[in-house]
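J.: Take this structure first; my questions come after.
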Amino acid sequence: MPCFNEAATVERAMARVLASPYTAQLVVVDDGSTDATLELARAVADERVDVLTQGINRGKGAALRLGFAKCRERFVIVQDADLEYDPEDFAAMLAPLLAGQADVVYGSRFHTARPHRVLYFWHAVGNRVLTAVSNMFTNLNLTDMETCYKAFRREVLEAIELEEDRFGIEPELTAKVAGGGWRIYEVGISYAGRTYAEGKKIGWRDGLWALRCIVAYSGLGRRAGRGRRT
């Protein structure tokens with residue numbers, strides 16, 4: 001759970017994750033928050049919780065790298081601290097992994113009949129464009145490359161070297177997972193998106209950087225991925 005200035009939601013997000021019967025470990029990485037996020041996370045008394053800090057704001061990608069290195073369970077799910085994604089979807093996310101059908105599962109906000117908060121038109125268009133371009137370079141048919149909800153067998157994360165510090169981590173992960181030949185599934189999830197007034201952080205500059213990352217890692221991903229189909 002990477003988090004930056006999420007004092008308003010981090011306790012509730014952690015409580016929801018810890019309430020899931022699928023949660024054996026929760027790794028929280030504070031990305032140099034200037035509010036009480038770190039203190040609130042450290043105050044959660046549960047032996048399954050590991051709280052780490054980057055000290056300074058380095059970005060979501062850097063926080064994920066730090067958190068992934070601390071994970072010790074069979075499967076790893078990325079969960080933001082902003083309550084946009086619901087841990088009740090863990091069952092759907094883990095089902096293909098537990099069945100031995102998949103190595104990686106993407107939770108799609110677009111391929112679903114689950115409840116969605118209706119928000120920004122152009123944000124949705126941007127997501128679809130980035131997903132389409134990513135699919136062109138990776139030869140996948142994802143509907144939501146930019147989704148936060150990605151679940152992995154831990155071996156997948158151990159087999160790839162991640163480099164992006166900020167939101168470029170999403171296309172980088174996708175390119176390197178595709179390049180490694182891992183089995184990818186996609187399931188529909190619910191989504192309660194935030195407005196920018198409520199704290200949403202990603203913007204149009206991140207979209208432009210994502211395009212750069214799609215191109216940069218498409219070939220690199222095929223060379224860097226060391227996974228094998230099973």
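The numbers here are math on the coordinates, done by the rules we state, and not lab data. Everything numeric here is computed off the predicted structure, so don't read it as measured data. Positions of Cβ are generated from backbone atoms using ideal geometry, with glycine treated the same way; all protein chains shown enter the neighbour counts.
J.: If you go through the range 6-31, how many residues are in a helix (DSSP H, G or I) and either among the acidic types (Asp, Glu) or more than 21 Å from ALA95 (Cα to Cα) (or both)? Lay out the reasoning, then the answer.
T.: Taking the range 6-31 as the starting set, the residues that turn out to be in a helix (DSSP H, G or I) are 10-19.
With the extra rule that they be either among the acidic types (Asp, Glu) or more than 21 Å from ALA95 (Cα to Cα) (or both), the set shrinks to 10-15.
Here the count works out to 6.
J.: Of the residues ALA99, ALA24, which is touching a residue at least 40 places away in the same chain (Cβ under 8 Å), loosely packed, with under 13 Cβ neighbours inside 10 Å and closer than 25 Å to SER190 by Cα?
T.: Values: ALA99 fails: touching a residue at least 40 places away in the same chain (Cβ under 8 Å).
Every option except ALA24 fails the conditions.
J.: Could you count how many residues in the range 140-181 are of a type in the set (Gly, Ala, Ser) and either buried (at least 24 other Cβ atoms within 10 Å of the Cβ) or part of a helix (DSSP H, G or I) (or both)?
T.: The first filter runs over the range 140-181 and keeps only residues of a type in the set (Gly, Ala, Ser), leaving 151, 159, 168, 175, 178-181.
Keeping just the survivors that are either buried (at least 24 other Cβ atoms within 10 Å of the Cβ) or part of a helix (DSSP H, G or I) (or both) gives 151, 159, 175, 178-179.
Counting residues in the range 140-181 that are of a type in the set (Gly, Ala, Ser) and either buried (at least 24 other Cβ atoms within 10 Å of the Cβ) or part of a helix (DSSP H, G or I) (or both) gives 5.
J.: Run THR9 past the list (1) touching a residue at least 60 places away in the same chain (Cβ under 8 Å); (2) surrounded by fewer than 18 Cβ atoms within 10 Å (Cβ to Cβ); (3) of a type outside the set (A, V, I, L, M, F, W, C) and report the number of the one that doesn't hold.
T.: The single condition THR9 does not satisfy is (2).
Yes/no per residue for (1) under 13 Å from ALA81 (Cα atoms); (2) within 18 Å of the chain's Cα centre (by Cα):
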| site | (1), (2) |
| --- | --- |
| ASN5 | yes, yes |
| ALA19 | no, no |
| GLN25 | no, yes |
| THR34 | no, no |
| ARG42 | no, no |
| ALA45 | no, no |
| ARG48 | no, no |
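J.: Okay, moving on. Could you say whether any residue in the range 68-86 is part of a helix (DSSP H, G or I) and buried (at least 20 other Cβ atoms within 10 Å of the Cβ)?
T.: Applying the first criterion (part of a helix (DSSP H, G or I)) to the range 68-86 yields 68-70.
From the residues that got through so far, the ones that are buried (at least 20 other Cβ atoms within 10 Å of the Cβ) too are none.
Scanning the range 68-86, I find no residue that is part of a helix (DSSP H, G or I) and buried (at least 20 other Cβ atoms within 10 Å of the Cβ), so the answer is no.
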